[in-house]
Amino acid sequence: MQNTEQGRNEMEILVEGEGLAEIEAIRIPVGSAASEIVAAVAVKGGFPVEGAFLFVEDCDEPIDLAIVVVNEEASGKVHHVHRARKIEVEVFYQGRRIEKQFAPSARIQRVLDWAAGSTGFRIDPAIAPEMELALHGQTKALPKSAHIGRYVRHPHCELAFDLIRGIVPNGAAR
Amino acid sequence: MSNLCPAEQAVAADLVSARFRIGMKRGYWREVSYAFPILVISVAAVEPDGNSSEYFFRFELTEFPGTAPDVRIWDSETDALLAFDKRPKGSHRVTEAFKSWGNETVYRPWDRAAGAHGNWTTSYPDLAWNARRDLAFILEDLYGLLTSNVTARSSRQAA
């Protein structure tokens, strides 16, 4: 919590969301309702606040927008604002395809754990740490802490990934 | 007017940037010490047995960001290069990144010495250093490597 030049107390909230390329920090007045977070992200993301949901990272259900944001609880948590409540995720690997619903606030790591695990492609634990997710048809590994919602723009609510083996640079050029 | 040299100003700006602070707030890394041009940062890790740990990295930042940082895995107690048997364990990707090699820096394309050999700048553009990168770019890559054992554990527990 900090005093601003305007003399009021504010708190910093970490946010991801629809239309945001990466995680950002926003400031809202202490005692604000959760809807203030939605309003701030909607402006950054360029979409209307009506119908937008607010999630906490990796939580499947949105939170009540009327609750008051408590600094001690919000600090360190990453929030996510998106107009889609669920995202239909599909992952491709060696000619096979699996699918599952996730909230937009799910981290890439969470989807990766599912895709590599027993209900996914059952990747050998010896090579599982080398696996990454890339957007379907691409080869660039996505950051594991990123929320999947940043890659989906309403009204779309589908997202396709490829499970790929991460790059291991060595002395010889590829 | 600032008495800081351009590289020192660039480092100072990076250390207060949103991307750097967010990494600290999430517990991904923390600043241990800084006296330009040397910055020591601790990065959180997950060991193969699932236990949490951390590793220290020494950044030499002369002419930053035009020149890539020289990054070494560091022993904070002895203030020297971390002994090979104490380095991170995990997949081939992890051991390869922290192996002992000619220049003793972290073996990733964004490192000053590693990036300058093997045509890595053109071979691995997504991981290579350029002047538009920031310290958080390197730290995110290190954090991803050092916590990659999480995926192995998910796979193993599920198997």
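The values are calculated or read from the model by the stated rules, or taken from the named source; none is laboratory data. Note that the coordinates shown come from a computational prediction; the quantities given were computed from them, not determined experimentally. We place every Cβ from the backbone using ideal geometry, glycine too, and count neighbours over all the protein chains shown. With ligands, DNA and RNA removed, areas are computed over all heavy atoms of the protein, side chains included. Shrake-Rupley method; radii C 1.70, N 1.55, O 1.52, S 1.80 Å.
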Subject >> Those residues of the range A:122-164 which are within 9 Å of another protein chain (Cβ to nearest Cβ) and of a type in the set (Lys, Arg), in sequence order >> reply: A:122, A:140, A:144
Subject >> Filtered residues of the range A:104-118 (kept if open to solvent by 20 Å² or more (accessible area, probe 1.4 Å) and more than 7 Å from chain B (Cβ to nearest Cβ)) >> reply: A:107, A:110, A:114
Subject >> Set A:58, A:124: member being in a loop (DSSP other than H, G, I, E, B), more than 21 Å from residue A:39 (Cβ to Cβ), within 14 Å of the chain's Cα centre (by Cα) and without any contact (Cβ under 8 Å) to a residue 60 or more places away in the chain >> reply: A:58
**OP:** From B:94, B:43, B:71, B:150, grab the single residue that is in contact (Cβ under 8 Å) with a residue 60 or more places away in the chain and assigned to a helix (DSSP H, G or I).
**Re:** B:150
Original post:
Do we find a residue being open to solvent by less than 10 Å² (accessible area, probe 1.4 Å), within 14 Å of another protein chain (Cβ to nearest Cβ), under 20 Å from residue A:143 (Cα atoms) and acidic (Asp, Glu) anywhere in the range B:101-121?
Top reply: yes
Original post:
Which one is most open to solvent (accessible area, probe 1.4 Å) among residues in the range A:12-46 that are assigned to a loop (DSSP other than H, G, I, E, B) and under 26 Å from residue A:100 (Cα atoms)?
Top reply: A:21
**OP:** Determine, yes or no, whether residue A:162 is of a type in the set (Asp, Glu) and assigned to a loop (DSSP other than H, G, I, E, B).
**Re:** no
Original post:
Say we look at the range B:31-51 and pick out the residues that are farther than 16 Å from residue B:61 by Cα and touching a strand residue (DSSP E or B) at 6+ places or on another chain (Cβ under 7 Å); which of these is surrounded by the fewest Cβ atoms within 10 Å (Cβ to Cβ)?
Top reply: B:47
Original post:
What single numbered condition from (1) more than 7 Å from chain B (Cβ to nearest Cβ); (2) open to solvent by 70 Å² or more (accessible area, probe 1.4 Å); (3) more than 20 Å from residue B:153 (Cβ to Cβ); (4) assigned to a loop (DSSP other than H, G, I, E, B) fails to hold for residue A:65?
Top reply: (2)
Original post:
For residues in the range B:11-29 being within 8 Å of another protein chain (Cβ to nearest Cβ) and not in a helix (DSSP H, G or I), which is nearest to residue B:59 (Cα to Cα)?
Top reply: B:28
Original post:
Which of the residues belonging to the range A:68-103 are among the hydrophobic types (A, V, I, L, M, F, W, C) and surrounded by 14 or more Cβ atoms within 10 Å (Cβ to Cβ)?
Top reply: A:69, A:74, A:78, A:81, A:84, A:87, A:89, A:91, A:92, A:98, A:102, A:103
**OP:** Name the one entry in B:42, B:53 that is polar (S, T, N, Q), over 21 Å from residue B:11 (Cβ atoms) and at pLDDT 95 or above.
**Re:** B:53
**OP:** Mind counting the residues in the range A:119-165 that are open to solvent by 40 Å² or more (accessible area, probe 1.4 Å) and touching a Ser or Thr at 6+ places or on another chain (Cβ under 9 Å)?
**Re:** 4
**OP:** Taking the residues in the range B:122-135 that are within 10 Å of another protein chain (Cβ to nearest Cβ) and part of a helix (DSSP H, G or I) as candidates, determine which candidate is least open to solvent (accessible area, probe 1.4 Å).
**Re:** B:123
